[in-house]
1. Got a sec? Which strands (runs of 3 or more DSSP E) wholly within region 19-62 have at least 3 residues that are hydrophobic (A, V, I, L, M, F, W, C) and within 27 Å of K167 (Cβ to Cβ)?
2. Taking region 135-189 only, how many residues are crowded, with 18+ Cβ neighbours inside 10 Å and without any contact (Cβ under 8 Å) to a residue 24 or more places away in the chain?
3. So V41 fits all but one of (1) of a type outside the set (D, E, K, R); (2) in contact with a Gly (Cβ under 9 Å, 6 or more places away or on another chain); (3) closer than 19 Å to I91 by Cα; what number is the exception?
4. Would you confirm whether or not region 64-80 contains a residue that is closer than 30 Å to K155 by Cβ and surrounded by 17 or more Cβ atoms within 10 Å (Cβ to Cβ)?
5. Which residue is farthest from E51 (Cα to Cα), if the candidates are limited to region 107-134 and must be in a loop (DSSP other than H, G, I, E, B) and open to solvent by less than 80 Å² (accessible area, probe 1.4 Å)?
6. Look at region 93-130 and say how many of its residues are in contact with a strand residue (DSSP E or B) (Cβ under 7 Å, 6 or more places away or on another chain) and closer than 24 Å to I2 by Cα.
7. Working only within region 152-189, note down all residues that are of a type in the set (A, V, I, L, M, F, W, C), outside any strand (DSSP E or B) and modelled with pLDDT of 90 or more.
Amino acid sequence: MINLNTEVHQAFEVIQQGGIILYPTDTVWGIGCDATNAEAVAKIYALKQREESKSMICLMNGEKMMYNVFKDIPETAWQIIDLSEKPTTLILDKPRNVAANIIAEDNTLGVRIVKVPFCFKLMERMKKPLVSTSANISGAPTPMTFKEISPEIIKGVDYVVNLDREKPGGRPSTIIKLTLDAQVKVIRK
């Protein structure tokens, strides 16, 4: 039987060594690494054949981690997090304490608080945010299930988490951009 704690441990070991993982999130399968490790982030860009100017998002496991990355978080952000019925990614201003190559050119970073056990426990162990980007080559369709992930991606990561491989896929998250001057813009519903 597959054990959640074993998978968290295996993924943590790989991430500690600067590796990248393929893992199930609260939406679609993601490619991830330590969000503070610029070299690991660069490996993901290379695997996805994605320009570094296209930033990636970070998963976080709660308020403490959010405040470690953002000094100022608009009150609206907490309201959206509390009221969202589906996974919602917020793009916030002026991130810090993360790798420079995941921050967008306008000095913003997309973040999502996740409660799914694997991601939550992994970040609890890492004590850092986890990069999350869809498990596809840039420009290719986002795979909705594990079976749809290309062999190139599977071979390109250092570890494939052995959980939820049969589970039907979710949908990409809603994306909302919030600026410190209280502007709100829905990027993806």
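1. 57-60
2. Matching residues across region 135-189 total 0.
3. Of everything listed in (1) of a type outside the set (D, E, K, R); (2) in contact with a Gly (Cβ under 9 Å, 6 or more places away or on another chain); (3) closer than 19 Å to I91 by Cα, V41 misses just condition (2).
4. no
5. Top of the filtered list is V116.
6. 7
7. Once the filter is applied, which keeps residues that are of a type in the set (A, V, I, L, M, F, W, C), outside any strand (DSSP E or B) and modelled with pLDDT of 90 or more, region 152-189 yields I153, I154, V157, V161, L163.
The values are calculated or read from the model by the stated rules, or taken from the named source; none is laboratory data. Values in this document were obtained by computation on a predicted structure and should not be read as measured data. Because the Cβ atoms are built from the backbone with ideal geometry, glycine has one as well, and the counts that use them run over all protein chains shown. The area values use the complete protein model at the heavy-atom level, side chains included, leaving out ligands, DNA and RNA. Shrake-Rupley method; radii C 1.70, N 1.55, O 1.52, S 1.80 Å.
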